[in-house]
Amino acid sequence: MLGRVLNTHQQWLCRRLADLGHVVTRQMAIADDGREIQEAVAEALNRADLVITTGGLGPTSDDLTRELVAELLNRQLVRNAEVLAHIENFFAKRGRPRPPKTDVETMVPEGAVVFLNQTGTAPGLAMRVNADELAAWNGTAQHRPAASFRPPAARPKWLVMLPGPPRELRPMFDDAVVPLLQREFAAENFVCRTLRSTGIGESRVQELIETALQPCVQRGLGVGYCARPGAVDVRLTAAGAQAGPLVDEGEAVVQSILGVHIFGHDDEDLEEVVIGRLTKLNKSLALAESCTGGNLAHRLTNIPGASAVFLGGVVTYADAAKAALLGVRAETLRDHGAVSEAVAREMAAGARAKFGADFALAITGIAGPGGGTEQKPLGTVFIALASAEGVEVQRLLNPWDRITFKDVTATQALELLRRRLTT
């Protein structure tokens, strides 16, 4: 809640649940405060049949969830011998004494299903909650739900509590929670597909496809947009027996309109697509970066198998480095400046020759916040692509903060190469 830690749980859990046919209707983030936690859990149980909490199950003073939920539901905490044995074994394997504070992790609300933690100590917990367990809490004036709450249903609900660290939460969800959901909840047929595009803005994407998608929307297709640095995602969703064909129809419409701007689907990154196409064509790539400072190389080397096609790169930030490592001529730097088409052209040709690559990308620009001129304003960038056919150069303007500038420019360079590889 202080903004010091990024909450990745909500995105990951929502994605996994939606893939399983359980679409999340509400997310809540609250501080480690007793009353806040109890009120949030009670409110969620009044609204939903499945509630998942994350965090607050560890041994430190700010881990309050276990005790507060037990109090909320008027359940006693009892020591669980299986959890105790698991924790003792966890520390014994590592040759470390078990901290006394881990005793609290062995205390489990009565009737809870225990999920042993294969990568940590705090167990996950799941409880079937009956309507009468919330009756006392809901009946007091200070805790009475708002009129918008739907009253607890006669059927029981499930409350699942998972530990906070992602390395513990994610395998526990897949190994223990998924089987519980499959056993206790009927999943709705739900399909979600994302088309990833670049080279076109979010508002323009909607303007182009909105009208054409209306027949699908009227039959239940959901359409969403997500803008990222240099890219726009179009998300298509549908539920029910005809969800698959409806999403397929919507995808065909978007594909026919956006065409070459679409580079991938769902979780595909542009660098992944580029590496895949280079691999398929058995072509190699080298890089020469200046203003992006290695951002492009970083993105490429995040992809498994990149070493088969990515030969290497240089970050020639200084003019002397451009000359010494890439063979950029002194007169080119003097007459045109480091940020110029001529220098980008020589950087790309030099990188291709130095590494013996089929393709080479070069980037030089003004990231700011200073350095811009009337002729070359802040955000000016030149991207060059060298190949056996010669060198082509794009001049672009990315007038954003330095981090966004680097991300967008790297995306534009990848897109320049992707399009070459598709022709």
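The values are calculated or read from the model by the stated rules, or taken from the named source; none is laboratory data. Every value quoted in this text rests on a predicted model; they were computed, and no experiment measured them. For neighbour counting, all protein chains shown are included, and Cβ atoms are generated from backbone atoms with ideal geometry for every residue, glycine included.
Below are the figures for this structure:
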read-out	value
Residue match in the stretch 79-99 (condition: of a type in the set (A, V, I, L, M, F, W, C), part of a loop (DSSP other than H, G, I, E, B) and closer than 21 Å to Ala176 by Cβ)	no
Of all residues making up the stretch 254-296, the number that are surrounded by fewer than 19 Cβ atoms within 10 Å (Cβ to Cβ) and more than 19 Å from Leu416 (Cα to Cα)	5
Single condition Val260 does not satisfy, out of (1) at negative phi; (2) not in a helix (DSSP H, G or I)	(2)
Residue tally, condition assigned to a loop (DSSP other than H, G, I, E, B) and under 13 Å from Gly164 (Cα atoms), over the stretch 57-68	7
Residue count for the stretch 369-397, restricted to those that are over 28 Å from Gly356 (Cβ atoms) and either assigned to a loop (DSSP other than H, G, I, E, B) or over 34 Å from the mean Cα position of the chain (by Cα) (or both)	11
Filtered residues of the stretch 302-330 (kept if under 20 Å from Glu346 (Cβ atoms), free of Cβ contacts under 8 Å to residues at least 12 places away in the same chain and surrounded by fewer than 16 Cβ atoms within 10 Å (Cβ to Cβ))	Ala318, Ala320, Ala321, Ala324, Ala330
Output for the stretch 319-338, where each listed residue is over 17 Å from Gln375 (Cβ atoms) and in a loop (DSSP other than H, G, I, E, B)	Gly327, Val328, Arg329
Subset of the stretch 1-56 that is polar (S, T, N, Q) and either in a helix (DSSP H, G or I) or under 15 Å from Met161 (Cα atoms) (or both) - its residue that is nearest to the chain's Cα centre (by Cα)	Gln11
Test: residue in the stretch 226-243 that is under 30 Å from Ala308 (Cβ atoms) and either in contact with a Pro (Cβ under 9 Å, 6 or more places away or on another chain) or not in a strand (DSSP E or B) (or both)	yes
Tally of residues being assigned to a loop (DSSP other than H, G, I, E, B), among the small types (Gly, Ala, Ser) and farther than 25 Å from Ala342 by Cα across the stretch 272-318	1
Breaking point among (1) surrounded by fewer than 21 Cβ atoms within 10 Å (Cβ to Cβ); (2) in contact (Cβ under 8 Å) with a residue 40 or more places away in the chain, for Arg299	(1)
Residue list for the stretch 1-40, filter: within 25 Å of Leu73 (Cβ to Cβ), touching an Asp or Glu at 6+ places or on another chain (Cβ under 9 Å) and among the β-branched types (Val, Ile, Thr)	Ile30
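Condition check ((1) in contact with a Lys or Arg (Cβ under 6 Å, 6 or more places away or on another chain); (2) not assigned by TED's automatic domain parsing to the domain that holds Leu125) across all residues:
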position: Gly3; (1), (2): no, yes
position: Cys14; (1), (2): no, no
position: Asp33; (1), (2): no, no
position: Ile37; (1), (2): no, no
position: Ala42; (1), (2): no, no
position: Leu45; (1), (2): yes, no
position: Ala48; (1), (2): no, no
position: Thr53; (1), (2): no, no
